[in-house]
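Pasting a structure here, questions to come.
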Amino acid sequence: MSMLASLFPPEPPLAPMNFTRQPVMPRYWGGGLVALLVGFALGFLLWLQQQGHLAPWESYTDWRILHGRVQIFLFTGSFLLGFALQAGPHVVAGSPPPSATALALIYPLWLGFFLTLVPFEPLSWLGNGAISATYLMAAWLFFQIARGGDTTRLAGIGLPMALGFFFLALGAWFPVGETSHALWVIWCGPLAIVFGASQQLLANVMGGQRLVGWQGKVFLGMLLLSCLLSFLAAYQPELTLWMGMSWLVVWFWFVLHTRALLVMKQQGFNSLAVALASGFFFVLLACLVLISQKTAGLDMAVHLLGAGTLTVLILGVAARVASFFSAGRLFHDRLLALLLLAWDGVALARSLGWPLSLVMTHLGGVLLAWWSIRFFMRLHAISLLVPKQFGGRFIKIQ
C-alpha cells in the first residue's frame, strides 16, 4: 500500500469550472470519441488483412478509404475542432465566436460523412462538399479570431492553425485511402494545427516560449514550403526525400525557439510532458523514415504521425482539459503518463515482428477502451456542471 501511495501520491482536488458561455468542446469530442473507436477497429481489421492473417475483403480499397476518412476528418478533426473553437481564442489572445456558430459546424461534418457512404456519386460529392465547408468555415472563424487577437502570435500560431483547417477542407476532395495523399493531408492539416496550438501549453503551462515576431514569420514560411513539397510528393515520389528534410527543418526550428525539449525535461514525469515529448518524438521519427526512403516508408510515416503524434497528444491533452472542465480527474496524472508511454509502444507496433505486434495492438485496444469509458464519464460530468442557460443540466457533482 505504501508503494502505491509513493507511486501515486494524492492529488489536490480540481475546482469547479466557472462557465461564462456554452462549452463547445464536449459535443465535438463526444463525436470524436465514437470515431476513435470505429477507426481503431477498422485499422486493426485492415492490418490483419495486410499481414495475411485475415482473408481480404473484396472491397478492401473502399474500407481503407473509409478508415482514412474516419481517422482524419472525424476522429482527429473533431478533437481539433473542439479544442480550437473552445480554447483557441486563448491560444491567440482573441475573442471566442458565439457558441451557436461554433456548434453549428458539427452538423455538416457528420452529415457530409454519411453522405459519402452512399453509393451514388452526386450524394458523395455533396458529402465531400459538406465536410470541406465545415473545415473551411473553421479556418475562416479561426483566422478572424487570430486577426482580432495578439498580432504578434498571428504568423507563428494563428495562421498555421487556420491554414491547418484550410488544408483539411482541401483534403476532403482527395483519396486519403492512398498513403501519399493521407500523408500530405496529415502533415499540412492536423500537424500544422498541433504546431500552433501546442505553443500555448509550452508557454503558459511549462514555461517555454512562443514563436513570435520574425521567428513566427520564418516558421510560417518554412511550414508553407513543407506543405507544398508534401502535396507535390503525392504526385512525384522523388520529392519524398525533400519533403522529409523540410519537415525536419520545421521540427528543429520549432523545438529550438520554443525551448520545447528543455522545458519538457524540466517538467519531470507528468502526463503533459510525456504527451508532448512523445508527440514530437514521433514527428522526428516520421521525418527520418521519409529521409531514409525505406520501402513502405510512406505508410510507416502516416501511422507514426496518426497513431503516434496525433493520438498520443489527443489522449493526453483531451484528458487534461476534460478533467479541468468536469472538476474530476480522468486518471491520476502519473497513471495517465504510464498509459501514454504504453500507447507509444502500440504506435510502434507496426514495425515489430509477429506475434509481438499483435500483442501490442490488442493492448492498444484495451487502453483505448479504458480511456474511452473514463473520458465519456468526464464528458457526461461536464454536462451536469454546465448551467442550464448554457445548454447544461445545472446539477452539482459532489
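Taken together, the values in this text are just the output of simple stated rules run on the coordinates, not laboratory data. All of these numbers come straight from a predicted model, not from anything done at the bench. When we count neighbours, we look across all protein chains shown, and the Cβ atoms used for this are built from the backbone with ideal geometry, even at glycine.
Say the dipole of the chain comes from +1 at the beta carbon of Lys and Arg and -1 at that of Asp and Glu; which of PRO160, TRP187, LEU379 then lies farthest toward its positive end?
Farthest towards the positive end: LEU379.
Taking H as built 1.01 Å from N, whose amide H comes closer than 5 Å to the amide H of ASP150, not counting residues under 5 places away?
Distant-sequence amide H within range of ASP150: ALA93, GLY94.
Please identify the helices of the chain, taking whole runs of DSSP H, that span at least 18 Å along their own axis as judged from the Cα atoms and have a mean Kyte-Doolittle score of -1.0 or higher.
25-50, 121-147, 214-233, 240-258, 271-292, 311-326, 333-347, 356-385
Same structure, new question: Positive end of the dipole of the chain, charges at C-beta (+1 Lys, Arg; -1 Asp, Glu), about the Cα centre: which of MET243, SER326, VAL263 has its Cα farthest in that direction?
Projecting each Cα onto the dipole axis, the largest value belongs to SER326.
Moving to a separate point now. With a 10 Å Cβ neighbour count serving as the proxy for reagent exposure, in which order, fewest first, do ASP344, ASP150 appear?
Listed from fewest to most nearby Cβ atoms, that is ASP150, ASP344.
So, one more: So how strong a dipole does segment 24-388 carry about its Cα centre when Lys and Arg Cβ are +1 and Asp and Glu Cβ are -1, to the nearest 20 debye?
Using Cβ point charges on Lys, Arg, Asp and Glu, segment 24-388 gives about 1000 debye.
Let me ask another. Give me PHE280, PHE269, PHE73 ranked fewest to most by other Cβ atoms within 10 Å of their Cβ, as a rough exposure proxy.
PHE269, PHE280, PHE73
Restricting everything to alpha-carbon atoms, can you work out Rg to Rh for segment 184-235 with a Kirkwood hydrodynamic radius?
My calculation puts Rg/Rh at 1.07.
Using the count of nearby Cβ atoms within 10 Å as a rough guide to exposure, how do LEU123, LEU183, LEU358, LEU202 rank from fewest to most?
So the residues, fewest neighbours to most, are LEU123, LEU358, LEU202, LEU183.
Could I ask something else about it? Could you work out how far apart the two model spin labels at LEU228 and LEU284 are, taking each label as a point 7 Å from the Cα in the direction of the beta carbon, and quote it in nm?
Once both label points are built, they end up 2.9 nm from each other.
What does the charge count near ALA182 come to, summing +1 for each Lys or Arg and -1 for each Asp or Glu among other residues with Cβ under 14 Å from its Cβ?
With Lys, Arg at +1 and Asp, Glu at -1, the neighbours total 0.
Sort the following peptides by mean Cβ neighbour count (other Cβ atoms within 10 Å, averaged over residues), highest first: 270-276, 14-20.
270-276, 14-20
Kirkwood-based Rg over Rh for segment 121-263 (C-alpha set), two decimals?
1.01
How large is the charge dipole for segment 311-387, taken about the Cα centre, if only the Cβ atoms of Lys, Arg (+1) and Asp, Glu (-1) carry charge, to the nearest 20 debye?
My answer is approximately 120 debye.
Of (1) 29.6; (2) 19.8; (3) 24.9, which is the value of mean projected area of the Cα convex hull in nm² derived from the coordinates here?
So the calculated entry is the one marked (2).
Might you list the cysteines of the chain that have no disulfide-compatible partner by the rule of another cysteine's Cβ under 4.7 Å?
Cysteines lacking a close Cβ partner in the chain: CYS287.
Can you give the extra length, in nm with one decimal, that the chain gains between GLU178 and LEU335 once fully stretched, where that is 0.36 nm per residue apart less the Cα-Cα distance?
Here the answer is 52.9 nm.
Excluding ALA102 itself, calculate the net charge of residues whose Cβ lies under 12 Å from the Cβ of ALA102, where each Lys or Arg counts +1 and each Asp or Glu counts -1.
+2
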